[in-house]
Structures are given as C-alpha cells and as structure tokens.
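Since every read-out is calculated from the coordinates, none of them should be taken as a lab result. On a predicted model such as this, the values are computed, not experimentally measured, just so you know. Virtual Cβ from ideal backbone geometry, glycine too; neighbours counted across all protein chains shown.
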C-alpha cells in the first residue's frame, strides 16, 4: 500500500499543470475528485461542469501554471456545445516551454469565421519526457466585446521561456510569430533545434492527433 501511495505522489509531482485563464471546467488536480489529466480529451471532466468564459475574438490569450521543468504545449479548439472534435489549432507551431510557474500566451490565431456568441471548448495538451499527454479543457463563448487579462495578470514567471520546436533561429520578443508568449518578465522566444527533441515532438503531435 505504501508503495502505491508513493507512486501516486511521484505522479502528482512529476506530471501536472493548472489552467489559470480561461476558467477550466474543473480543478483536475484536486484530491477529492476522480478527474485525471491523463484522460483524453478533457481530463474526464464532462461538459457543463463549471462556468463558461466570455473569450475575445481578437487578441485572445491563455494562461497556465506549469509544474514541469519543461513541457511541450499544444492548444486546440473545438466549436459548438459539448465539442468533441478539437480540429482547430491555436498553436500552429508546437511550443517547448521551460521553467515552472505562470506561462501566458497572447494573440492566439482565432479563425476569421468565428462569430460573436459562438460556443466552443479550448483543449490544453502538454507532454513531457515520458511522451504521455496531459489534458484539460475550458468552455468559452466568443464575444467581440470581451477582453483578455492585462499584462500584469497574464505574464510569465521569472525563468519561464518558450521556444518554437523546429525553428532554426532565435527570434526576439518584438518579432515573435503568433501565438506570442507574453514577454514580461521572461524575454525572447527562440529555439535550439536538436534531433532528439524534434523526434519526441513529432511523436507527441502524432499522439495528440490520433
């Protein structure tokens, strides 16, 4: 029994993250719940649990609290009530985020066809060294009048940086391709490409899409 308990603790320490914005369906890290981030597509949290966030059509952002030394981050969108097909990518380039703490992405590329009042679900996916994916979801309603949190609220913790997997050169924060990690206080968005990293990233992407 003790060994099982220790394994559970190790799993909690080595694998999880929280969604800070928009509001996630439920806290999948809570000890008094059967939800688990290992469960596709939304950590086992059913649609209708929790509130819907009014999310801007333009200039949209997301914020995560990452508990890994590094993680691949992939964000998808499914349209409609109780979406099950998350076929729209809000992160066209796979991100490798290093550092623990708050991580903010701004100016996410929302499709031009999205109309005011459109219901949708954002699916958050992270992957690490083990190659396993972790899932969470947030239900939203697109609103032209909605605004994202300010830079003071949606910002990166010190030491948290993001790189685009496969990009050959380092890119300054002033010319980052969308989506753009908030540069306060962590500065640039760049990449040091490595064969091993690219191989793991490809396996992670294929696992998400299957």
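With R₀ set to 45 Å, the beta-carbon distance separating residue 32 from residue 150 gives a calculated FRET efficiency near 0.85. The stretch between residue 143 and residue 98 holds 13.0 nm of extra length on full extension. This uses 0.36 nm per residue minus the Cα-Cα distance. Here the Kirkwood formula puts the hydrodynamic radius of region 73-112 at 11.8 Å, using every distinct Cα pair. Straightening the chain between residue 81 and residue 39 buys 13.1 nm, computed as 0.36 nm per residue apart minus the Cα-Cα spacing.
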